[in-house]
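The values are calculated or read from the model by the stated rules, or taken from the named source; none is laboratory data. Nothing here was measured: the structure is a model prediction, and the numbers come from that model. As a convention, Cβ positions derive from the backbone with ideal geometry for all residues, glycine included, and neighbour counts pool all protein chains shown. We work out accessible area using only protein heavy atoms, side chains counted, and drop any ligands, DNA or RNA first. Shrake-Rupley method; radii C 1.70, N 1.55, O 1.52, S 1.80 Å.
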Amino acid sequence: MILSTPQTVDTIASHHWEEWQLSGVSAKIIQRNVRTLYDSREVDKVLNLNTKSRQKHSDHLVPCWMVSGVDPLTGENTLEGVQVKPDISPLGKDGKAIKYKGAKNYPAFPMFLDIGVEDYWQQVLADKSIPIIITEGGKKAGAGLSINLATISFPGVSTCRKLGRLNSWIEAFAGFGRTFYICFDADILHKRRVQQSLINIARDLAATGSKVMVIKLP
């Protein structure tokens, strides 16, 4: 999915801009990757929702911010890995608030944010001496990239592997000389399922010759 609309500061609501800045993300990265959406039909398109209905739309999800990045090989804007956060979180079937939403019926895809440097991700891909942080969510990725750390966002710990193998993008960046810092949310401290996913990812990365370190967030 190619994103044709250019990113400008005029497309971002002030409270969304402030939210990202307070998360440690630089103005340049916010401007190049984040937008505020007010039109529920645009949200439908971004999240691949309500595609068979002319009446039902995502009115309950607006306003919201969306973050999307680039294809790491071409540098083109893409909606692969897009993340949306409504101002008012909808409730799931279990009654719990759904804070973030990704595109429906698309495979889990990592997000490579645009930092304004030509061929940045191609350079990281080619140079195994550059360490990479794997984290959850666009804001964490933006915070890492804002201090010159190559940081890739995944929609969740379980999406780093598929059918018992590393996600193909992680595998592409892995290899001898590469150090990965795995930095998932703090729930890794008390969720056995998340801990097991971390162990599996670390084992598979180590098998490629990569060095693996774990960052524990407070």
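Of the residues making up the stretch 14-23, those that are open to solvent by less than 40 Å² (accessible area, probe 1.4 Å) and touching a helix residue (DSSP H, G or I) at 6+ places or on another chain (Cβ under 6 Å) number 1. When the stretch 83-101 is filtered for residues that are of a type in the set (A, V, I, L, M, F, W, C) and in contact (Cβ under 8 Å) with a residue 40 or more places away in the chain, only V84 remains. Among all positions in the stretch 131-151, there is no residue which is under 26 Å from S40 (Cα atoms), aliphatic (A, V, I, L, M) and out of contact with any Asp or Glu (no Cβ under 6 Å at 6 or more places or on another chain). Apart from one condition, N50 fits all of (1) touching an Asp or Glu at 6+ places or on another chain (Cβ under 9 Å); (2) buried (at least 21 other Cβ atoms within 10 Å of the Cβ); the exception is (2). Scanning the stretch 96-127 for residues that are part of a helix (DSSP H, G or I) and open to solvent by 70 Å² or more (accessible area, probe 1.4 Å) yields Q123, A126. Among the candidates G142, G81, the residue that is out of contact with any strand residue (DSSP E or B) (no Cβ under 6 Å at 6 or more places or on another chain) and either within 22 Å of R35 (Cα to Cα) or surrounded by fewer than 16 Cβ atoms within 10 Å (Cβ to Cβ) (or both) is uniquely G142.
Residues checked against (1) farther than 30 Å from D127 by Cβ; (2) open to solvent by 40 Å² or more (accessible area, probe 1.4 Å); (3) in a loop (DSSP other than H, G, I, E, B):
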{"site": "R35", "(1), (2), (3)": "yes, no, no"}
{"site": "R41", "(1), (2), (3)": "yes, yes, no"}
{"site": "H60", "(1), (2), (3)": "yes, yes, no"}
{"site": "M66", "(1), (2), (3)": "yes, no, no"}
{"site": "L73", "(1), (2), (3)": "no, yes, yes"}
{"site": "K85", "(1), (2), (3)": "yes, no, no"}
{"site": "K93", "(1), (2), (3)": "yes, yes, yes"}
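Return the residue satisfying two criteria in turn: it lies in the stretch 185-197 and is in contact with a helix residue (DSSP H, G or I) (Cβ under 6 Å, 6 or more places away or on another chain) and either aliphatic (A, V, I, L, M) or open to solvent by 70 Å² or more (accessible area, probe 1.4 Å) (or both), and of such residues it is modelled with the highest pLDDT. Filtering first and then ranking leaves V194.
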